[in-house]
């Protein structure tokens, strides 16, 4: 089943591209947007499913960061997105009080690269 979703802007907000209407996007564009949104959601942030999201505060932003647990949490969340088949590569980059990652995700549309430039607590 192909992904369909409402287009968001670069700040991940709903907007009216033509000033009057929302836009429905499909295919690889929709899949890429879903992957980005899924990776930005912190565990517990979704009030309708508190088990959804990446456990940044339990794995990364702690006195003893657990990068393996963070990698597992990211992988699990990305694999939950519709149209995702597997993760080809996942590189995490902790830098001081910021954490970023880049993932090469294999989807029904081909490979999509997604990631965060830096998540801060």
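Every number here is computed from the coordinates shown, using simple stated rules; none is lab data. Keep in mind it's a predicted model, so treat the numbers as computed, not measured. Every residue, glycine as well, gets a Cβ built from its backbone with ideal geometry; the counts of neighbours run over all protein chains shown.
Given a Förster distance of 30 Å, report the FRET efficiency between residue 50 and residue 8 from their Cβ-Cβ distance, rounded to the nearest 0.05. Once rounded, the FRET efficiency stands at 0.85. The candidate values are [x] 93; [y] 137; [z] 113; the one derived from this structure for volume of the Cα convex hull per residue in Å³ carries the label [z].
The ranking of 13, 97 from fewest to most other beta carbons within 10 Å of each one's beta carbon is 13, 97. Which whole-number percentage describes the relative contact order of the stretch 1-59, with Cα contacts under 8 Å and a sequence gap of 6 or more? 24 percent. Computed over the chain with a Gaussian network model linking Cα atoms closer than 10 Å, the most mobile of 17, 82, 65 is 17. Each peptide in 98-106, 50-58 receives the mean, over its residues, of other Cβ atoms within 10 Å, and ordering these scores from highest gives 98-106, 50-58.
By the helix-only formula, in which each DSSP H run with n ≥ 4 contributes -39500 (n - 2.57) and the sum is divided by residues, the chain has a 222 nm mean residue ellipticity of -7500 deg cm²/dmol. Build a GNM of the chain with springs between Cα atoms under 10 Å apart, and of 49, 11, 88 the one that fluctuates most is 11. Note on residue 41 and residue 108: the extension gain reaches 21.8 nm, defined as 0.36 nm multiplied by sequence separation minus the Cα-Cα distance.
If R0 is 35 Å, the Cβ-Cβ spacing of residue 88 and residue 20 corresponds to a FRET efficiency of close to 0.30. Each Cα pair under 8 Å and six or more residues apart adds its separation to the average, and for the chain the resulting relative contact order is 19 percent.
Just checking the listed ones, 26, 91, 59: in the Gaussian network model of the chain with Cα springs under 10 Å, the one fluctuating most is 91.
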